[in-house]
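K.L.:
One structure follows; several queries about it will come next.
The values are calculated or read from the model by the stated rules, or taken from the named source; none is laboratory data. This structure is a prediction, so every number in the text was calculated from the model and none was measured. Every residue, glycine among them, receives a Cβ derived from its backbone with ideal geometry; neighbour counts consider all protein chains shown. Note: accessible area is taken over every heavy atom of the protein model, side chains too, but ligands, DNA and RNA are not part of it. Shrake-Rupley method; radii C 1.70, N 1.55, O 1.52, S 1.80 Å.
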Amino acid sequence: MIYMIIETNDVNAPISEHHHILEIAVFNASSAIIAAKAGANRIELCENAAEGGTTPSYGTLKLVKQAVNIPVFPIIRPRGGDFLFTDDEFEVMKWDIALVKELGYGGLVTGMLNADGTVDTERTKKLVELAYPMEVTFHRAFDRAINPLQALEDIIACGCSRILTSGQVPNAYDAKELIKQLVENADDRIIIMPGSGVRSGNIAALAKYTGVVELHSSARKQQPSAMEFIQKSMEEDLTAVTVDADEVKRMQLALQHTN
């Protein structure tokens with residue numbers, strides 16, 4: 001089967017100094033295609049929205065690589081829950097990185113903590129080395145770190161390209177002071193990318209206040225089941241998470257007004 005390549009006119013053009021990048025988190029292949037068509041600049045590819053995103057399947061990775069022609073960074077996270085991984089889980093992560101690299105992805109998203117809330121620098125460095133030359137985004141494990149400013153320095157030392165963070169609270173806009181401080185402390189050594197609760201109504205204000213260039217949102221909405229027959233005795237919710245294409249467009253429009 002042949003899949004249509006999705007391109008957006010502005011994505012492959014040189015990015016000016018003040019051009020914002022909007023990354024959209026998606027949880028299935030069809031949502032990745034929707035996000036690309038709607039004008040996302042980059043995609044974080046996950047599965048299992050209910051668990052906050054886990055490593056996508058081989059089939060998802062293969063299809064999205066064929067169907068989407070903007071940067072896509074798969075998440076490397078073997079399970080939901082915390083970010084304290086066993087040796088077996090670490091081996092799974094290494095194999096998943098090898099696969100993502102083999103498939104030709106330009107970057108990935110991952111992160112690990114120690115039990116005391118510090119960044120697991122030893123194993124994070126190994127993952128960054130294994131991923132090279134792919135970019136590595138350290139995900140919101142950062143938001144569970146005991147000391148965000150020290151975690152920033154540790155992640156920089158690991159060789160990561162950016163940090164995805166909500167500022168250690170559920171909604172990134174509520175942590176705009178910390179995010180601004182992270183941008184200042186990073187001093188262009190790493191990209192700080194706020195995410196969680198970022199929508200068209202606050203994205204421009206967040207970008208302007210903090211000085212960030214890259215922003216992250218799931219732009220999610222619930223998609224009703226297309227089933228004609230639903231077994232009511234199962235008492236279950238069959239809605240699925242998808243991307244709100246109109247919201248992606250609204251966020252891009254809001255960001256254009258800040259450039």
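K.L.:
Pairs of alpha-carbon atoms within less than 8 angstrom and 6+ residues apart define the contacts here; what relative contact order does the chain have, in percent?
P.N.:
18
K.L.:
To continue, here is another question. In Å and whole numbers, how far do the C-alpha atoms of region 103-234 stretch along each principal axis, longest first?
P.N.:
Result for region 103-234: principal-axis Cα extents of 54, 36, 33 Å.
K.L.:
On to the next question. Would you please put 144-157, 230-243 in order of how densely packed they are, using the mean number of other Cβ atoms within 10 angstrom per residue and starting with the highest?
P.N.:
Numbers: 144-157: 17.7, 230-243: 12.0.
Packing proxy ranking, top to bottom: 144-157, 230-243.
K.L.:
Now for a different question. Give me, ordered by chain and number, the residues 5 or more places off Thr165 or on other chains with an amide H under 5 Å from its own placed amide H.
P.N.:
Met193, Gly195
K.L.:
If DNA, RNA and ligands are ignored and the probe is 1.4 Å, what is the ranking of His257, His216 by accessible area, most exposed first?
P.N.:
Largest to smallest exposure gives the sequence His257, His216.
K.L.:
Quick check: pseudo-label points 7 Å beyond the Cα along Cα→Cβ at Ala226 and Ala157, how many nm apart are they?
P.N.:
Going from the Ala226 label point to the Ala157 one covers 5.1 nm.
K.L.:
Roll a 1.4 Å probe over the protein chains and send me the accessible area per residue for region 217-256 in Å². Don't skip to the answer; put the middle values down first.
P.N.:
Working: 2870 Å² over 40 residues.
Heavy-atom SASA per residue in region 217-256 reads 72 Å².
K.L.:
Could you work out the helix-only [θ] at 222 nm for the chain, with each DSSP H run of four or more residues adding -39,500 (n - 2.57) and the total divided by the number of residues, to the nearest 500 deg cm²/dmol?
P.N.:
-10500 deg cm²/dmol
K.L.:
Please check which bits of region 165-182 a label hung off Leu149 would reach, taking the label as a point 7 Å along Cα-to-C-beta and the cut-off as backbone N under 12 Å.
P.N.:
Hits in region 165-182 for Leu149 at 12 Å: 178, 181-182.
K.L.:
Separate question: Kindly give the semi-axes, whole Å and largest first, of the ellipsoid equivalent to the chain, taking each as the square root of 5 times a Cα gyration tensor eigenvalue.
P.N.:
26, 23, 19
K.L.:
Would you grab the residues whose amide H sits under 5 Å from the one on Glu214? Only those 5+ places off in sequence or on another chain, please, with H modelled 1.01 Å from N.
P.N.:
When sequence neighbours closer than 5 places are left aside, the close amide H contacts are Ile21.
K.L.:
Can you list residues whose amide H is under 5 Å from Glu44's amide H, if they're 5+ apart or on another chain and H is modeled 1.01 Å from N?
P.N.:
It is Ile24, Ala25, Val26, Phe73, by chain and number.
K.L.:
Under 21 Å Cα to Cα from Lys180, which lysines show up? Leave out anything in the same chain fewer than 8 places away.
P.N.:
Leaving aside lysines fewer than 8 places away in the same chain, those within reach of Lys180 are Lys208.
K.L.:
Could you work out what % of the accessible surface of the chain is carbon and sulfur, using a 1.4 angstrom probe and leaving DNA, RNA and ligands out of the count?
P.N.:
52
K.L.:
How much accessible area per residue does region 136-175 have, counting only protein heavy atoms and a probe of 1.4 Å, in square angstrom?
P.N.:
Dividing the accessible area of region 136-175 by its residue count gives 35 Å².
K.L.:
Using a Förster distance of 35 angstrom, determine the FRET efficiency expected from the C-beta separation of Leu130 and Asn171, and round it to 0.05.
P.N.:
The pair Leu130/Asn171 has a calculated efficiency of 0.55.
K.L.:
What share of Cα pairs, in percent, lie more than 19 angstrom apart in region 36-171?
P.N.:
Looking at region 36-171, the distances longer than 19 Å represent 47 percent of pairs.
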